[in-house]
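Written below as structure tokens is the structure these notes are about.
The values are calculated or read from the model by the stated rules, or taken from the named source; none is laboratory data. Treat the numbers as computed from the prediction; the structure is a model and nothing was measured. Here the Cβ positions follow ideal geometry from the backbone for every residue, glycine too, while neighbour counts run over all protein chains shown. Just so you know, the surface numbers come from the protein's heavy atoms only, side chains and all, with ligands and any DNA or RNA stripped out. Shrake-Rupley method; radii C 1.70, N 1.55, O 1.52, S 1.80 Å.
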Amino acid sequence: MSSFPVKPLNLKVSSFTDTSITWTWDVSPGASFYYVYVDSSNTPVKATTNSYTLNNLSYMSTHGIQVSSVTKYGLESEKTAIVSQKTLLPAPDIARFLYGETYVNGTSVNDANVTNCRLYKKGESAALLTGTITAGVLRIYVLNNVNIVAGAQYDIRALDGNPNLPATVPGMITTITAELAKITLNNVVASSGVVSGTTENNGQVRISVDGVNKTVFTASATGAYSGSISGMVAGSVVKAEAKVGSIFPSYAEKVAT
């Protein structure tokens, strides 16, 4: 005589993102397959392994399942208790960030419950900074912060809930680099007095000759800059520095011929 199988044990959420949730449970002795009841549905989905994934979900949506064991004769165990999980916030869209800028800027979900975000060193879980999200607009104040290092990478996550409460859940990750501003300097001929090169679009470039600041050029919409400098002679060291915010974090040098 066939007996009813034991209901699955240790049903738990093993992973989840902004669009998916995966549950696992212990293998049930005698079970040929499992029935999964999704979001209190009375119509089960058949699972042939001790794992089940829901895909194509909405972010910040809650879903739960119950699971039962089924023998090859069709005998079904009791259902487990419901185990639910809320999906994460999606990864924010972050604008390109230049080292020296005042803010990291971007966009996230426009939701009354999403008011803050956090910045972490890449791969770490301890936040370095907390920023704001207002009507979906994300900003993190980073000016002169010693933790922001040129060339380093950072993870940014929007927060589902009040950042001061332990129940707050960080969302999916967007990784950025604190980039140095682009700067090039073409060969300089002292007799012509012309200094030219490229930098960030519409960026500013400070020109110095032999350590003496001469002038600041403003680049075009395509990043090209050019202008005449007096006082150069063959052998002069010409330096072009890209300005970002109030600092000049990157430069190029040429010796005038």
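Tabulated data
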{"item": "Restricting the range 128-153 to residues that are within 23 Å of Tyr59 (Cα to Cα) and hydroxyl-bearing (Ser, Thr, Tyr), the residue that is most open to solvent (accessible area, probe 1.4 Å)", "result": "Thr134"}
{"item": "Pairs, first closer than 21 Å to Ser192 by Cβ in the range 232-246, second of a type in the set (S, T, N, Q) and open to solvent by 20 Å² or more (accessible area, probe 1.4 Å), C-beta under 7 Å, six or more apart", "result": "Ala234/Thr257"}
{"item": "Whichever residue in the range 185-206 is in contact (Cβ under 8 Å) with a residue 60 or more places away in the chain and open to solvent by 60 Å² or more (accessible area, probe 1.4 Å) and, among such residues, is nearest to Cys117 (Cα to Cα)", "result": "Asn186"}
{"item": "Within the range 129-209, strands (runs of 3 or more DSSP E) holding 2 or more residues that are more than 15 Å from the chain's Cα centre (by Cα)", "result": "183-185, 194-199, 204-209"}
{"item": "Residue within the range 225-232 that is open to solvent by 50 Å² or more (accessible area, probe 1.4 Å), in a strand (DSSP E or B) and more than 30 Å from Tyr103 (Cα to Cα) present", "result": "yes"}
{"item": "Any pair with Cβ under 7 angstrom, 6 or more apart, that starts in the range 20-36 at a residue that is farther than 24 Å from Leu89 by Cβ and ends at one that is crowded, with 19+ Cβ neighbours inside 10 Å and modelled with pLDDT under 95", "result": "Ser28/Pro5; Gly30/Pro5; Ala31/Pro5"}
{"item": "Options Ser14, Ser58; residue that is touching a strand residue (DSSP E or B) at 6+ places or on another chain (Cβ under 8 Å) and small (Gly, Ala, Ser)", "result": "Ser14"}
